[in-house]
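Step one of this worksheet: look at the structure below.
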Amino acid sequence: MHPRTHVFLTAGTALLAAAVVPATVLPALAVPTGPLPAPPPTAEPSSAAFPSTAPSAARAPVRQGAAGPPAEGTASAAALLARAGECDRISNELYRTRDDTPPTVAVCDTKGAVFWKADMDIDCDGQLTARCNHEADPYYQEQTAFTQSDGRHLNAEKLPYIVVPMTSSIWDHSSSGIHGGSVAAVIHANKVQYAVVGDIGPPGIIGEASHAAARGLGILTDPAGGGVPSGVTYIVFKHSQVSPLEDHDAAVRLGNELANKFLREN
């Protein structure tokens with residue numbers, strides 16, 4: 001994990017239909033002596049017995065469960081990754097993923113979003129919790145660049161959020177319509193985790209997200225030695241805003257809507 005220098009701002013359904021077919025049981029020794037009677041007419045099955053398989057117009061997002069989080073909405077990881085393919089680079093230079101690594105990560109532009117492919121370091125900054133504190137994180141800070149609606153700093157253990165680099169000559173995130181509370185789809189190992197932009201990191205480093213975001217993707221959450229060295233895609237939707245910023249349910253609803261729009265338009 002690298003030291004972090006922060007800028008603080010004021011900121012379908014499976015359907016089962018049971019068809020019961022009457023069975024005629026013939027006694028083993030009975031021998032018919034005449035023509036068999038015609039079977040009774042079969043009634044048309046009612047629509048109630050076979051409900052429609054058409055998908056509903058609005059679908060509640062799937063939430064994280066105790067066994068591990070699936071994708072949080074209807075936009076699949078594979079579909080999103082297919083659209084975030086070729087990079088139309090908008091960063092003037094490349095970012096490093098850590099202080100001691102070469103610059104390899106570009107910020108890419110596409111219709112309705114920007115994206116980058118990097119590692120994930122664990123950000124535990126913000127409210128003091130059982131898993132985010134000075135003992136767990138040698139670089140722990142009690143502040144985040146953006147705050148909750150009550151003025152408190154964010155809870156990294158509870159809220160999935162990502163970190164964007166401080167504005168520099170490499171890239172100014174605000175020029176792309178990215179601000180505190182913007183919605184991101186974070187993808188790793190065929191899972192999608194919706195998050196908000198919640199903190200700002202060093203100007204030359206990219207690839208960091210909160211303890212909760214990592215947990216949602218099944219990534220080791222230890223801020224001192226967790227995360228993953230590669231394989232994480234961050235898609236951040238331009239001009240999006242979750243209010244209040246700490247409302248993760250709202251982030252999932254808006255993220256799912258924008259992700260499906262992203263798939264339609266790219």
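The values are calculated or read from the model by the stated rules, or taken from the named source; none is laboratory data. These figures come from a predicted structure and were not determined experimentally. Neighbour counts run over all protein chains shown; Cβ positions are idealised from the backbone, glycine included. For accessibility, only protein heavy atoms count, side chains too; no ligands or nucleic acids. Shrake-Rupley method; radii C 1.70, N 1.55, O 1.52, S 1.80 Å.
For the reader, a short list of remarks on this structure follows.
- Identity of the residue in region 212-265, at pLDDT below 95 and touching a Phe, Trp or Tyr at 6+ places or on another chain (Cβ under 9 Å), that ends up least open to solvent (accessible area, probe 1.4 Å): P223
Residues checked against (1) in contact with a Lys or Arg (Cβ under 7 Å, 6 or more places away or on another chain); (2) among the acidic types (D, E):
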| site | (1), (2) |
| --- | --- |
| V196 | no, no |
| P202 | yes, no |
| E208 | no, yes |
| A212 | yes, no |
| G218 | yes, no |
| T221 | yes, no |
| Y234 | no, no |
| F237 | no, no |
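- One residue from V196, V192, V163 being among the β-branched types (V, I, T) and farther than 22 Å from G126 by Cα: V192
- Test result for T167, within 19 Å of I206 (Cα to Cα), surrounded by fewer than 18 Cβ atoms within 10 Å (Cβ to Cβ) and either modelled with pLDDT of 95 or more or among the β-branched types (V, I, T) (or both): yes
- Sole exception among (1) open to solvent by 30 Å² or more (accessible area, probe 1.4 Å); (2) within 30 Å of R264 (Cβ to Cβ) for H153, by number: (2)
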